Each structure stands twice: as structure tokens, then as C-alpha cells.
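> Questions regarding the structure given below will be posed in turn.
The values are calculated or read from the model by the stated rules, or taken from the named source; none is laboratory data. Remember, it's a predicted structure, so these values are computed and weren't measured experimentally. Virtual Cβ from ideal backbone geometry, glycine too; neighbours counted across all protein chains shown. Calculation scope for accessible area: heavy atoms of the full protein, side chains included, ligands and nucleic acids excluded. Shrake-Rupley method; radii C 1.70, N 1.55, O 1.52, S 1.80 Å.
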Amino acid sequence: MNDARLRIAVLISGSGSNLQAIIDGIETGEIDATIVRVISNRPGAGGLERARRHGIDTEVIDHRQFARRADYDRRLAGRLEALAADLVVLAGFMRILGDAFVERFEGQLINIHPSLLPAYRGLHTHERVIADGQRQHGCSVHYVIPELDAGPVIAQAVVPVHADDTPARLEDRVRAMEHRLYPRVVQWIAAGRVAMANRSVVFDGQTGQTPVRLETGET
């Protein structure tokens, strides 16, 4: 029987908590997809063991073994194409991919970022949000384009920032929402509800809508 489910490759660098959320969604039937490979740029990434426990094939492509970023990107791209991945999910993949790689997979490459984009691109978002006195924070799932954290946003999840928050406490609340949001977006893509066209999100056939927002219900 031909399996028409979306074929996903997941790229990780660390513990793989968002990977786990997607695995759980697939196993419960909430996501109509299959993970064809989990690839890490770090041999010791905890997410590799998570994948193995669920019978998912894993692979390490260690960036330290490549003299140039472009060489690494070419190897990774070749593996993804050999796997016939329909969607490449960045789940804590802590490596900037070059423009040629991103353009090769544009429209098939998504990422989750811990801020309400376009605010707070880059690193240390929780510390920066607290330092600026913001009252809301969250995460965004977006398509990846060559400009860092600048691709069209599909959906966001919002959490309040409390007066006594530390970066660690705020990070924990944001991550909990990541684990709800990312599987939902992957399923929308698997169901054909979401795509990218001309660097805009197409949602249920409509282009350029405001990103869907998921609220915590907290005050």
C-alpha cells in the first residue's frame, strides 16, 4: 500500500523536546505524517535517543567535520533529498543554514522561534523581553527564508510576562506553548491547509492572513 502521509525530516542539536511533541502527535493520530529521519549536527544530542526509543531512524552529520559551511550544507541537502522529505522541521537546530540551502528547500522548511516575531529575532529572547519590560511573550512558527528569523509567520502562541519572572521561568512557559503549537502547525501542513507562496503564508486558500494566535488563558 502506498503511504501518502507527509514525510518529515527533523533537524535537532539538543534534547529534542519539540521533536518529542511531534512524535507524540503522530503516535496519537493527531498528525498525519511520518518522521523519516532525525538528523543532528551534534553527536551527543539527547533528541537522538528520544527518536531511537520510538523506532525512528537517526543520523549525525557533525558540522565540525566540515571545513566550510557550504560543504556541510551540501551534505545535509543531499541527505534530505535522498530521503524524499516533504517537510524539514527545525526543532532546536542551533546552526545557521546558508542561503543556498534555504533557497533549495524554500517552502519546505519551517522553524519555531521563542518570540512573537518580528520582535526579538536572534538569541536570548527571554532575557531581552524581561529587560524591556514587555507584558507579553511567546513563540512563532515560521517558514525559513535566507534572512534570519524573518520568514512568513504561520502561527504564534502568547504567554504573559509576570513582574517577578526570571528568564528560566519565562522560558519554561514559552516552551510549554511550543509543544502545543508546533504539532498543530505540522498537522495543518500535512492536511494541505498551510503552504507558502511568494513568501506569504497561504492558509485554507487565503493568502496573507494575520498569523493564527494561540493564547494560554493565563493572566
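> Provide the gained length on full extension for the span residue 64 to residue 99, in nm with one decimal, where the gain is 0.36 nm per separating residue minus the Cα-Cα distance.
10.7 nm
> How long are the three semi-axes of the equivalent ellipsoid of the chain, in whole Å, if each is the root of 5 times an eigenvalue of the C-alpha gyration tensor, listed from largest down?
Square roots of five times the eigenvalues give 26, 20, 18 Å.
> For the range 66-143, what does the relative contact order come out to in percent, with C-alpha contacts under 8 Å and a separation of six or more? Walk me through the numbers before you get to the answer.
Values: 65 pairs, mean separation 22.9, N = 78.
Averaging sequence separation for qualifying contacts and normalising by length gives 29 percent for the range 66-143.
> If you roll a 1.4 Å probe over the heavy atoms of the protein chains, what accessible area per residue do you get for the range 81-130, in Å²? Mind dumping the intermediate values first?
Working: 2180 Å² over 50 residues.
In whole numbers, the range 81-130 has 44 Å² accessible per residue.
> Compute the acute angle (0 to 90°) between the alpha-carbon long axis of helix 167-190 and the principal axis of greatest extent of the alpha-carbon atoms of the chain; round to the nearest 10°.
Helix 167-190 sits at roughly 50 degrees to that axis.
> Which ³J(HN,Hα) values in Hz, rounded to whole numbers, follow from the phi angles of the range 40-56 under the Karplus curve 6.51 cos²θ - 1.76 cosθ + 1.60, where θ = phi - 60° and Gly and Pro get x?
Values, residue by residue: 10, 8, 10, x, x, 4, x, x, 5, 5, 3, 4, 4, 4, 9, x, 9 Hz.
> Each label point is 7 Å from the Cα along the Cα-to-Cβ direction; what then is the distance between the points at residue 163 and residue 150, in nm?
Distance between the two pseudo-spin positions: 3.9 nm.
> Could you work out how far helix 69-82 tilts from the main Cα principal axis of the chain, as a 0 to 90 degree angle to the nearest 10?
Approximately 70 degrees, to the nearest ten.
> Can you tell me the relative contact order of the chain? Whole percent, Cα pairs under 8 Å, sequence separation 6 or more. Before the final figure, lay out each step's value.
Values: 409 pairs, mean separation 41.3, N = 219.
About 19 percent, as a whole number.
> With charges set only on the Cβ (+1 for Lys and Arg, -1 for Asp and Glu), what does the dipole of the range 1-116 come to about its Cα centre, in debye to the nearest 20? Intermediate results must be reported in sequence, preceding the final value.
Numbers: 15 positive and 16 negative charges, 103 e Å.
Dipole about the Cα centre, nearest 20: 500 debye.
> Here is a follow-up. Take each of the peptides 201-211, 107-117, average the number of other beta-carbon atoms within 10 Å over its residues, and list them starting from the highest. Can you show the working numbers first?
Numbers: 201-211: 13.2, 107-117: 21.3.
Final packing ranking: 107-117, 201-211.
> Here is a follow-up. Take every DSSP beta bridge with both residues inside the chain and express the antiparallel ones as a percent of the total, to the nearest 5. Kindly include the intermediate steps, with their values, before the conclusion.
Numbers: 17 of 38 bridges.
Within the chain, antiparallel bridges account for around 45 percent of the total.
> How big is the dipole moment of the range 60-219 about its Cα centre under a simple scheme where the beta carbon of each Lys and Arg is +1, that of each Asp and Glu is -1, and everything else is neutral? Debye, nearest 20, please. Show your work: numbers first, answer last.
Details: 19 positive and 20 negative charges, 56 e Å.
The dipole of the range 60-219 has a size of about 260 debye.
> Okay, next question. Determine the share of the chain's accessible area contributed by carbon and sulfur atoms, expressed in whole percent, with a 1.4 angstrom probe.
Details: 4890 of 10630 Å².
After summing per-atom areas, the C and S share lands at 46 percent.
> May I ask for the angle, rounded to the nearest 10°, between helix 17-27 and the longest principal axis of the chain, with both axes built from Cα atoms and the value confined to 0 to 90°?
Here the helix axis deviates by roughly 70 degrees.
> Just the number, please: Stokes-Einstein D of the range 85-190 in µm²/s, Kirkwood Rh from C-alpha pairs, 4 °C, 1.567 mPa s.
On the way: Rh = 14.2 Å.
The Stokes-Einstein estimate is 91 µm²/s.
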